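Here the structure comes first, spelled out in structure tokens, and everything after it is commentary.
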């Protein structure tokens, strides 16, 4: 019985750290708004960004290099060959629910694909698209 309160505390702590794609998009929107007055995230811009080809890497010139043309589908890393789960929230409800993971992947993938850090506006647009694609 002594373990029950500790278990309840642990579960409530985990639940407090869970986030939604909307919360993560809102955080990026607030950051982008501080840099650009009146910024509003756009799924359409997010879709264009997802499909855009960059000249930084021959092996990974676009997000679609690893994630396929449809974010609803699983993909494969262009260099390592590792399986990559679907990006779209509709196909993978765990996407965009952990701020640390989202930042880790934006940090790594933006550098590899576009050659720089993504802006808060690009992140907000990307999350908007991944949240809305069906």
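A few comments on the model shown:
- Residues in the range 92-106 that are buried (at least 18 other Cβ atoms within 10 Å of the Cβ) and either assigned to a loop (DSSP other than H, G, I, E, B) or over 12 Å from the mean Cα position of the chain (by Cα) (or both): 95, 96.
- Candidates in the range 107-121 are the residues that are assigned to a helix (DSSP H, G or I) and in contact with a helix residue (DSSP H, G or I) (Cβ under 6 Å, 6 or more places away or on another chain); of these, the one that is nearest to residue 41 (Cα to Cα) is 121.
- Only residues that are part of a loop (DSSP other than H, G, I, E, B) and either surrounded by fewer than 12 Cβ atoms within 10 Å (Cβ to Cβ) or modelled with pLDDT under 95 (or both) were counted across the range 79-91, and they come to 4.
- Each residue in the range 10-41 was checked for being at pLDDT 95 or above, within 19 Å of residue 94 (Cβ to Cβ) and surrounded by 15 or more Cβ atoms within 10 Å (Cβ to Cβ), and 6 of them qualify.
- Count of residues meeting criterion [closer than 23 Å to residue 19 by Cα and in a loop (DSSP other than H, G, I, E, B)] in the range 48-72: 2
- Subset of the range 45-61 [over 18 Å from residue 107 (Cβ atoms), buried (at least 16 other Cβ atoms within 10 Å of the Cβ) and at pLDDT below 95]: 61
- Filtered residues of the range 38-47 (kept if in contact with a helix residue (DSSP H, G or I) (Cβ under 9 Å, 6 or more places away or on another chain) and outside any helix (DSSP H, G or I)): 39, 40, 41, 42
- Checking each residue in the range 80-134 for being touching a residue at least 24 places away in the same chain (Cβ under 8 Å) and over 20 Å from residue 48 (Cα atoms) picks out 97, 98, 99.
The values are calculated or read from the model by the stated rules, or taken from the named source; none is laboratory data. The shown structure was predicted, so the numbers you read here are calculated from the model rather than taken from an experiment. With ideal geometry, Cβ positions are generated from the backbone for all residues, glycine too; neighbour counts draw on all protein chains shown.
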